Amino acid sequence: MISENRILLRFTEGENPQSYDAYVAKGGYRAVRKALLEIKDRKAIIEEVKNSGLRGRGGAGFPTGVKWGFVPDDGQEHYFVVNADEGEPGTFKDREILEKAPHLLIEGIIIGAYAIKASEAFIYLRAEYRDAFRILKRAIEEAYQHGLLGENILGTGYTLHLHVYPGAGAYICGEETALLNSLEGKRGHPRLKPPFPAQKGLYGKPTIVNNVETVANVPLIIENGADWYRSMGTEQSPGTKIFTISGAVKKPLVAEFELGKVTFRQLIEYAGGLRDGSNLVAVVPGGLSAPILVGDELDTPASYEDVARVGSMLGSAAVIVIDDRYPLIQIVRRSVQFFAFESCGWCTPCREGLPWATRILRKIELGYGEPSDIDKLYSIADYIKGKTFCPLGEGAQWMLRKYLDVFGEKLLESAAHV
């Protein structure tokens with residue numbers, strides 16, 4: 001039987017885990033004292049994070065320390081931004097941290113902001129996370145009360161002010177440049193890159209944008225060292241990952257495993273197995289935009305490199321299990337329709353292509369499909385591929401293409417059961 005390694009989720013356990021006292025009792029805020037009072041050197045902190053191999057936990061998996069190192073040491077204002085706009089369907093890992101271990105996130109923010117010389121930090125929060133907003137505001141107040149935020153933190157002369165900014169419920173603002181536009185009060189449209197946010201981000205200043213889970217790993221790395229962190233996971237995917245397992249399982253849950261040490265089939269078993277009276281069809285490995293895994297692909301180790309090897313992505317590690325209780329065409333149509341609805345409309349392939357694909361899938365779902373519709377859907381995917389500003393359209397067509405590759409005209413047959 002597989003077992004978890006709860007290095008992050010242990011901070012979510014116990015009575016009132018979101019409180020300052022509970023966090024400190026578990027060793028909280030030791031890392032920030034080590035960073036600011038012992039290590040002191042900002043470049044050394046960035047190097048430690050870089051050596052740990054920590055990869056972004058928001059989806060792309062870009063090395064965190066490398067990203068921090070892109071911020072120029074130019075004397076101008078810098079900003080540190082946390083992407084808490086958790087809108088990927090099936091993903092609820094960040095909510096666990098936001099609602100149950102907010103001080104772990106705050107400590108990571110202090111260390112990260114100090115490392116890149118930022119005196120202002122922002123948490124861009126998903127609009128629907130109202131409980132998280134209230135809990136974060138309280139935790140931030142506690143951090144100010146204990147001298148961990150504000151002026152002259154721990155007597156070092158370092159100043160950091162932290163703000164929570166609720167978004168407006170737009171999925172597109174999970175993309176970092178659209179998030180920055182929204183944070184500035186503009187429409188949430190992605191920006192053309194380069195320049196990247198580390199050079200020109202919020203208000204035109206160098207900015208780091210990291211996911212909640214990414215930042216929550218930072219205090220553990222600083223306190224225990226890069227070698228400790230690298231002792232878990234794989235060479236290319238060190239550390240642990242929080243998985244959210246939902247869909248056609250008996251016990252949907254949030255769990256934490258070392259990267260590459262568990263397969264997707266084992267994750268299904270850990271969640272109680274497939275619900276009674278149904279047969280497994282496919283598994284979404286990393287949020288709705290990740291192409292499905294089928295057959296022997298379910299035995300793929302859950303690491304960034306292994307999932308990429310079978311033509312998908314680990315993404316946010318939102319594992320959605322699909323069975324035959326619902327018509328497959330309905331699942332595909334709803335998936336594409338979600339991305340069509342959430343498209344910001346900035347670029348034509350995404351704005352026009354995804355609604356077009358949704359209409360065709362709906363036609364099939366109603367029983368009026370024909371073989372030529374499958375060819376049209378492939379054409380739409382080709383029309384979108386590589387031609388969009390941000391990953392929304394790209395991910396949607398990639399996901400759709402895998403359904404077409406695996407099931408093809410079986411999608412037409414599944415409409416008979418709608």
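The values are calculated or read from the model by the stated rules, or taken from the named source; none is laboratory data. Just so it is clear, the structure is predicted and the values come from calculations on it, not from any experiment. Reconstructed Cβ throughout: ideal geometry from the backbone, glycine too, with neighbour counts over all protein chains shown.
Considering segment 302-315, and only residues there that are in a loop (DSSP other than H, G, I, E, B) and touching a Leu at 6+ places or on another chain (Cβ under 7 Å), the residue that is surrounded by the fewest Cβ atoms within 10 Å (Cβ to Cβ) turns out to be Val310. Just one of the listed residues (Leu220, Leu192) is surrounded by fewer than 23 Cβ atoms within 10 Å (Cβ to Cβ) and touching a residue at least 24 places away in the same chain (Cβ under 8 Å), namely Leu192. Within the set Asp382, Asp373, Asp323, Asp405, the sole residue that is in contact with a strand residue (DSSP E or B) (Cβ under 9 Å, 6 or more places away or on another chain) and acidic (Asp, Glu) turns out to be Asp323.
Rundown of residues vs (1) without any contact (Cβ under 8 Å) to a residue 60 or more places away in the chain; (2) hydroxyl-bearing (Ser, Thr, Tyr); (3) surrounded by 20 or more Cβ atoms within 10 Å (Cβ to Cβ), yes/no style:
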residue	(1), (2), (3)
Glu370	yes, no, no
Leu392	no, no, yes
Met399	no, no, yes
Tyr403	no, yes, yes
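Say whether the condition of being under 20 Å from the mean Cα position of the chain (by Cα) and assigned by TED's automatic domain parsing to the domain that holds Cys344 is met by at least one residue in segment 399-406. Yes; the residues of segment 399-406 include at least one that is under 20 Å from the mean Cα position of the chain (by Cα) and assigned by TED's automatic domain parsing to the domain that holds Cys344. Only residues that are touching a Leu at 6+ places or on another chain (Cβ under 9 Å) and within 18 Å of Glu77 (Cβ to Cβ) were counted in segment 160-178, giving 4.
Determine, yes or no, whether Gly345 is within 26 Å of Ala170 (Cα to Cα), free of Cβ contacts under 8 Å to residues at least 60 places away in the same chain and assigned to a loop (DSSP other than H, G, I, E, B). Yes: the conditions hold for Gly345. Here Asp131 meets each of (1) closer than 24 Å to Glu96 by Cα; (2) crowded, with 18+ Cβ neighbours inside 10 Å with one exception, condition (2).
Here's a check for you: in segment 248-301, which residue that is farther than 14 Å from Ile322 by Cβ, in contact with a helix residue (DSSP H, G or I) (Cβ under 6 Å, 6 or more places away or on another chain) and in a loop (DSSP other than H, G, I, E, B) is modelled with the lowest pLDDT? Filtering segment 248-301 for residues that are farther than 14 Å from Ile322 by Cβ, in contact with a helix residue (DSSP H, G or I) (Cβ under 6 Å, 6 or more places away or on another chain) and in a loop (DSSP other than H, G, I, E, B), the one modelled with the lowest pLDDT comes out as Ser289.
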